[in-house]
Amino acid sequence: MKLKKISLYHARLKLKVPFTTSFGTQDNIDRLFIALTDEKGNTGWAEIPTLNEPAYKAESDFPAVVTSLTNFVIPSLKTYQKTKGNIDSLDKLQASYQWIKGANFAKYGVEAAFWHLLSLRKKQPLYRLFGGSKKTIVSGVSIGGQNLTDVLTRAEMAVGMGFKRIKVKIWPGFDLEPIKALRKKYPSLLIQVDGNSAYNLTNWKALQKLDQYNLLLIEQPLSDADLLDHSQISTKLKTPICLDESIHSLDDARYAIKLWQDNKNLKRLIINIKPPRVGGFANSIAIAKLANKHKVKTWVGGMLDSGWGKYMNLCFNSRPELSLPGDHFSPTGEYFKTDVLNQPLTHTNGSYDFSQDVRIDSAKIKKLSKNLLNIQL
Ligand code: OSB
Ligand code: MG
């Protein structure tokens, strides 16, 4: 196998309804799609779930990802094939850009397109290639409402569609109120919250008031650099802490496990595995395995992805280690007004099964996008 060509597409995706988190409201999103073509003419696709600004994480914004790919990652693929031989395995692919520090979203894009290419060449379903075995994937939905009315409306839609788990975006001053109201209305619904780094050591104690509502987890209240502080506040909370922004690699997962272990509090650690945040699916699989070895629960988070990003995550979620419901749907069906699949992903009461014929529709991507770059490798 030889990589022959890589193309980048800039899509402007419009959300059906705005999505609010502690770091802002998303509406129209600049997205990057990657097409990777081999010597036989097969093309693997990936969506890099960029947001417009680096407010979620460094190097997750569209301009940073384009810069990393154009200046460093893609030239590295080219140089590797010229000097060391064809990139015909994941190991070689990773080795080609291993010297680049950071750029996890950019690396994810190339790696995810490569996995898709492998599944086309081997004529093997992607979930099998990822080592998946579960045929049914349980999903929840993430609610990014601007105020209490918004949150309650979206929760009602989600529950009406049969979802058994919701995740609610919170921030200082908007935490107790939505959770109290939701728990009153839905005594047995699985509910979790996500602070997206909005709390600090001065105001985190507001989260102790959430302990009485039987939440599944509190996701990333503190900043992404505060692994140590997360582990310490976790000893003063009954609800488990789930790390999102703090985990960029297998090493980060190892550090977290060690810190919670040292505090004899490992049962209160959960990890949200987002393949783009950790530089791809191979790293994601390694993190899932390590966490599972320590009985730390994991799940697959989303990034307001189109159907293609969601589908890839569903395939990864088929691995047995991932035990909690992932974010693979939205209460309004697909997140975007126009999507990129041959047909929408469907679920039954929040469960997805792999009998659906899911294909990416490259014509739809091309129609939505500006072709930024085509490079012969
Ligand atoms: O923290 O999980 C997050 C969206 C953008 C940035 C960060 C996050 C999210 C979500 C979206 O919660 C969840 C989804 O895609 O369904
Ligand atoms: Mg999160």
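Values quoted throughout were computed directly from the atomic coordinates according to the rules given, and no laboratory measurement underlies them. What you see is a predicted model, and the numbers here were worked out from it, not measured in a lab. In this analysis, Cβ positions are derived from the backbone assuming ideal geometry, glycine residues included, and neighbour counts consider all displayed protein chains.
Among the chymotrypsin sites (Phe, Trp or Tyr not before Pro) in the stretch 66-121, those placed in a DSSP loop whose Cβ has at most 16 other Cβ atoms within 10 Å are 99.
In this calculation the C-beta distance from residue 263 to residue 52 is compared with R0 = 41 Å, giving a FRET efficiency of 0.60. Computing Rg and the Kirkwood Rh from the Cα coordinates of the stretch 7-109 gives a ratio, Rg/Rh, of 1.03. Rounded to whole Å, give me the distance from the Cα center of the stretch 11-41 to that of the stretch 251-321. The distance from the Cα centre of the stretch 11-41 to that of the stretch 251-321 comes to 22 Å.
When N counts the residues of the stretch 128-258, how does its alpha-carbon radius of gyration compare numerically with 2.2 N^0.38 Å, as a ratio? Expressed relative to 2.2 N^0.38 Å, the Cα Rg reads 1.12.
What is the chain's relative contact order, in percent, from Cα pairs under 8 angstrom and six or more apart in sequence?
Working: 775 pairs, mean separation 84.6, N = 377.
For the chain, the relative contact order is 22 percent.
Restriction of the trypsin sites (Lys or Arg not before Pro) in the stretch 28-106 to DSSP coil positions whose beta-carbon has at most 16 other beta-carbons within 10 angstrom yields 40, 84, 101. Here the stretch 204-327 is assigned +1 on the Cβ of each Lys and Arg and -1 on the Cβ of each Asp and Glu. Its dipole about the Cα centre then comes out at about 540 debye.
Cβ crowding within 10 Å ranks 138, 110 as 138, 110, fewest other Cβ atoms first. Among 116, 347, sorting on how many other beta-carbon atoms sit within 10 Å of each Cβ, with the fewest leading, yields 347, 116. Computed on the stretch 1-110, with alpha-carbon pairs under 8 angstrom and 6+ residues apart, the relative contact order is 25 percent.
Quotient of the Cα radius of gyration of the chain and 2.2 N^0.38 Å, N being its number of residues: 0.95.
Mean silhouette area of the stretch 124-186, derived from the convex hull of its C-alpha atoms and averaged over all directions, reads 5.9 nm².
Each label point was placed 7 Å from the Cα along the Cα-to-Cβ direction; for residue 42 and residue 289 their separation is 2.3 nm.
Placing pseudo-labels 7 Å out from each Cα toward the beta carbon at residue 332 and residue 367 gives an inter-label distance of 2.0 nm.
Between residue 124 and residue 351, the simple label model (points 7 Å from Cα in the Cβ direction) yields a spacing of 2.7 nm. The length gained on full extension between residue 176 and residue 208, counted as 0.36 nm times the residue separation minus their Cα-Cα distance, comes to 10.5 nm. Over the chain, DSSP H runs of length four or greater, each weighted -39,500 (n - 2.57), average out per residue to a 222 nm ellipticity of -9500 deg cm²/dmol. Annotation: extensible slack from residue 135 through residue 84 equals 14.4 nm (criterion: 0.36 nm per residue apart, minus Cα-Cα distance). Legend: ranking of residues 255, 127 from fewest to most surrounding C-beta atoms inside 10 Å; resulting order 255, 127. A convex hull fitted to the Cα coordinates of the stretch 218-377 yields 152 cubic angstrom per residue.
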